[in-house]
Amino acid sequence: MHLSLLGDSIFDNQAYVQPGCSVLDHLGKYLPPAWRTSLVAKDGSVALNVPDQIKRLPLCTTHIALSIGGNDALEAIPVLDSPSTSILASLHVLHGLQFAFEHTFSHLLKDLRGLGKPLLVCTIYDKVPGLTAELRTALSLFNDVITREAAALGVAVLDLRTILTDE
């Protein structure tokens, strides 16, 4: 069995953790000995980068895990910080951000499902140090897309918001 990890720094996290504590290190400790893993994810990636990662999947891949969306949400911060004339106008802007991510993410999931391999997607964790309540609320727009699109395609979801509960 061979698990390939696609996405962003949730998987490509060596730069952010102590030596021996990366996701790859943990998988090496906890997966059965017959399993192998490949890190295709790249820190800083957004959903639009994942098709290039798919092209780099090892031929021996039997299972795929995807964690993407956090950097897409980060790119939305300047829009979220812009002035607005009303709550409805702000909701219109939020809808535009969510719709754009939904379009990209839904195509991405369909492409991955088309590979015919078991697929797991992760939500975006929201216990980020310094994340305000307002930004956590905005992040829910992206997580809503992830869970809804995964459910529509019957893709398993690992809700990181329920696992990573401390900043």
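The values are calculated or read from the model by the stated rules, or taken from the named source; none is laboratory data. A quick note: this is a predicted structure, and the numbers were derived from the prediction, not measured. Neighbour counts are summed over all protein chains in view; Cβ atoms, including those assigned to glycine, are modelled from backbone coordinates with ideal geometry. For the accessible areas, the whole protein counts, side chains as well, though only heavy atoms, and no ligand, DNA or RNA atoms are used. Shrake-Rupley method; radii C 1.70, N 1.55, O 1.52, S 1.80 Å.
Normalised by the number of residues in the chain, the mean separation of alpha-carbon contacts (under 8 Å, six or more apart) gives a relative contact order of 23 percent. With loop membership from DSSP and a limit of 13 other Cβ atoms within 10 Å, the longest segment of the chain without trypsin sites (Lys or Arg not before Pro) is 57-126. Computed about the Cα centre, the dipole magnitude for the chain is approximately 660 debye when only Lys and Arg (+1) and Asp and Glu (-1) carry charge, each at its Cβ. Carbon and sulfur atoms: what percent of the 1.4 Å accessible area of region 39-167 do they account for? In region 39-167, the share of accessible area belonging to carbon and sulfur is 61 percent.
Dipole check for region 85-162: with +1 at the C-beta of Lys and Arg, -1 at the C-beta of Asp and Glu, and the Cα centre as origin, the magnitude is about 180 Debye.
With the charge dipole of the chain set up from +1 on Lys and Arg Cβ and -1 on Asp and Glu Cβ about the Cα centre, the Cα lying farthest toward the positive end among the listed residues T137, H95, G70 is that of G70. Ordered by 1.4 Å accessible area with all protein chains kept, S90, S4 run largest first as S90, S4.
Computed with a 1.4 Å probe over protein heavy atoms only, the accessible surface of the chain comes to 56 Å² per residue. Considering only C-alpha atoms, what is the centroid distance from region 1-61 to region 120-159, in Å? Cα centroid of region 1-61 versus Cα centroid of region 120-159: 19 Å apart. Of the residues P19, V155, P118, the one whose Cα sits farthest toward the positive end of the charge dipole of the chain, with +1 on the Cβ of Lys and Arg and -1 on the Cβ of Asp and Glu, is P118.
With a ≥ b ≥ c taken as the square roots of the eigenvalues of the C-alpha gyration tensor of region 1-78, please select rounded if a/c is under 1.5 and otherwise prolate if a/b is larger than b/c or oblate if it is not?
Values: a/c = 2.88, a/b = 1.39, b/c = 2.06.
Cα axes put region 1-78 in the oblate bin.
Between 0 and 90 degrees, the angle of helix 133-153 with respect to the longest Cα principal axis of the chain falls at about 50 degrees. Spin-label model, H26/A133: points 7 Å from Cα along the beta carbon direction are separated by 2.9 nm.
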